[in-house]
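The values are calculated or read from the model by the stated rules, or taken from the named source; none is laboratory data. Keep in mind that what you see is a predicted model, and the values were worked out from it rather than measured. Here the Cβ positions follow ideal geometry from the backbone for every residue, glycine too, while neighbour counts run over all protein chains shown. Quick note on the areas: whole protein, heavy atoms, side chains included, nothing else; ligands and nucleic acids left out. Shrake-Rupley method; radii C 1.70, N 1.55, O 1.52, S 1.80 Å.
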Amino acid sequence: MTANGNGSAKLVLALPSKGRLMEQCNAALAKAGLVVTRSGPARGYKGEIADLPGVEVAFVSSSEIAQLLKSGAAHLGLTGEDLIRETMEDANERLRFLKPLGFGRADVVVAVPACWLDVRRMAELEEMSLAFRRLHGRRVRVATKYMNLARRFFAQKGVTGYRIVESLGATEGTPAAGLAELIVDITTTGATLKANGLKVLDDGVILRSQANLIASNAAPWTPELVELEREITARFA
């Protein structure tokens, strides 16, 4: 943890370093009157907020924000709830969700081929998976980048007859490519799923995600840093 000019600790705010989420975060910060500038080289990974000298900005990838908040290396972060929930099963104990920001919206969903007319709910997926295993001698494959969210949701719904296939590319294309039977992925409008011949199960929405301002319970908080957190949160109101 760094210190400001008078020797007291600074609040570390982790922000996305690239992509559309970075652009949306920058716009939201500017709207809240928090003007973020990079310090050092233009492509550097540190920054500051003009009228909040007690804040140090760290520009990192969205997945790294989750790790920094989990470890307490960052006090605050702006990132998608889906990445947080995928990284931490106990996110509600480790973190405080201070403010939903209204952008970066995406639903994490279970999607199956639209031609599976008899499979509309998770319970029917379990019945189908058992029949599939009897017929083919193997479990149905679920392609996803959200392996932890998928496992927890399937367990909650009592679905057991599957195995996870980690997706490294365009997840929605894996059933058509013969790499999986169904998927767990994010969607905003559902258009990409439909274009790939997939449908979301009626009870298959795992998480309705959006970007959040999030605080770490593991970070070293002082009364001064708590006051800074309150000021930043109030700006977003």
Rounding to the nearest 20 debye, state how big the charge dipole of the chain is about its Cα centre with +1 on each Lys and Arg Cβ and -1 on each Asp and Glu Cβ.
500 debye
Can you tell me what share of the DSSP beta bridges in the chain is antiparallel? A percent to the nearest 5 is fine.
65 percent
Between the stretch 65-83 and the stretch 191-235, the Cα center-to-center distance that results, in Å
10 Å
Please compute the modelled spin-label separation between T160 and K194, points set 7 Å along Cα→Cβ, answer in nm with one decimal.
3.7 nm
Accessible area per residue, 1.4 Å probe, Å², for the chain: what's the number?
50 Å²
Using Cα-only point scatterers and the Debye equation, what is log10 of I(q)/I(0) for the chain at each q in 0.12 Å⁻¹, rounded to two decimals?
-0.72
Counting only DSSP beta bridges with both partners in the stretch 7-147, the antiparallel fraction in percent, to the nearest 5, comes to 45 percent
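When Lys and Arg each count +1 and Asp and Glu each count -1, what net charge do the other residues less than 10 Å away from L149, Cβ to Cβ, add up to?
Here the count lands on +1.
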Top positive-direction residue, dipole computed over the stretch 70-146 with Cβ charges, set G102, N92, L135
L135
Across the chain, how many lysine pairs, 8 or more positions apart or on different chains, have C-alpha atoms separated by under 27 Å? Please give the number.
22
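Apply the a/c threshold of 1.5 to the C-alpha gyration tensor of the stretch 88-226 and tell me whether it is rounded, prolate or oblate.
prolate
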Tell me, what % of the accessible area of the stretch 32-113 is carbon and sulfur with a 1.4 angstrom probe?
50 percent
The FRET efficiency for A176 and S17, from their Cβ-Cβ distance with R0 = 30 Å and rounded to 0.05, is 0.35
Suppose each label sits 7 Å from its Cα in the direction of the beta carbon; what would the D90-R151 distance come out to in nanometres?
1.6 nm
Of the candidates G190, Q210, P53, the farthest towards the positive dipole end of the chain (Lys/Arg Cβ +1, Asp/Glu Cβ -1, centred on the Cα centre) is G190
Rounding to the nearest 20 debye, state how big the charge dipole of the stretch 1-131 is about its Cα centre with +1 on each Lys and Arg Cβ and -1 on each Asp and Glu Cβ.
700 debye
Kirkwood Rh over Cα pairs of the stretch 31-124 into Stokes-Einstein at 20 °C, 1.002 mPa s: D in µm²/s?
131 µm²/s
For the stretch 105-184, what is the percent of antiparallel DSSP beta bridges, rounded to the nearest 5?
20 percent
Using 0.36 nm times the number of residues separating A218 and V35, minus their current alpha carbon distance, what extension gain do you get?
63.2 nm
